[in-house]
Amino acid sequence: MFAILGVVLAIVAVQVYRTVGDLFDANGWVNHTYQVKEQIVATVAALRDAEAAQRAYLIGGNATRLTESYAALPRLAQHMTELQRLVTDNPAQIENARNFETILAQRKDLMVQSLATYQKMGLQDYRSNPQLAVALEQDTQVDALAGRMIALEDTLLARRQQSSEAPVR
């Protein structure tokens, strides 16, 4: 009788151990997903901070805003580095992160070019410069790629939650 109870208790203990382990793993993936999404948003926010400060300088001429724009660029690089570190376990996201980094580098280069154009031509001529159209297209690309990366993280998380198997990554 005690032997049967001991066996039943051992089976229950093993199941509890497995279940807790599965919950712990699932929680880790949920946390990872939110970290990736947070880095995507933080990276885009750093770019938007730099752009907003640059626009404020172009419109108002306040050199402090130009300093803020340049100060935001290293934060952009830091967020991008952290994002790439977080997605090393996912080939699709690695490719997305590379594309994201390329677009961000192009955007930063265009910001520098735009500033040089403004300083040479003034605000009125700067507004008619074709660089503005390119900048708007790049901003659209940044937003679209960030959206795709976030959607992919959501899809992966949903698959993990539906499956009791090992993680998809």
Has region 80-98 got any residue that is modelled with pLDDT under 90, touching a Ser or Thr at 6+ places or on another chain (Cβ under 7 Å) and surrounded by 19 or more Cβ atoms within 10 Å (Cβ to Cβ)? no
Going by what's in this entry, would Thr64 be described as polar (S, T, N, Q), modelled with pLDDT of 90 or more and part of a helix (DSSP H, G or I)? no
Go through Ala116, Ala53, Ala46 for me and flag whichever is of a type in the set (Gly, Ala, Ser) and closer than 19 Å to Thr140 by Cβ. Ala46
Quick one: Arg65 ticks every box in (1) out of contact with any Leu (no Cβ under 9 Å at 6 or more places or on another chain); (2) surrounded by 17 or more Cβ atoms within 10 Å (Cβ to Cβ); (3) among the basic types (Lys, Arg) except a single one, so which number is it? (1)
What is the one condition in (1) free of Cβ contacts under 8 Å to residues at least 24 places away in the same chain; (2) farther than 30 Å from Lys120 by Cα; (3) not acidic (Asp, Glu) that Val41 does not satisfy? (1)
Residue satisfying all of: in region 138-166; surrounded by fewer than 16 Cβ atoms within 10 Å (Cβ to Cβ) and modelled with pLDDT under 85; nearest to the chain's Cα centre (by Cα) among these: Ala158
Out of region 123-134, which residues are part of a helix (DSSP H, G or I) and either free of Cβ contacts under 8 Å to residues at least 60 places away in the same chain or within 16 Å of Glu101 (Cβ to Cβ) (or both)? Gln124, Asp125, Arg127, Gln131, Leu132, Ala133, Val134
From Lys120, Lys108, which residue is part of a helix (DSSP H, G or I), modelled with pLDDT of 80 or more, of a type in the set (Lys, Arg) and surrounded by 15 or more Cβ atoms within 10 Å (Cβ to Cβ)? Lys108
Starting from region 94-109, take each residue that is aliphatic (A, V, I, L, M) and list its partners that are outside any helix (DSSP H, G or I) and surrounded by fewer than 19 Cβ atoms within 10 Å (Cβ to Cβ), counting only C-beta distances under 8 angstrom and pairs at least six apart or across chains. Ile94/Thr88
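The values are calculated or read from the model by the stated rules, or taken from the named source; none is laboratory data. Just so you know, these numbers come straight off a predicted model, no measurement behind them. Cβ atoms come from the backbone with ideal geometry, glycine included; neighbour counts cover every protein chain shown.
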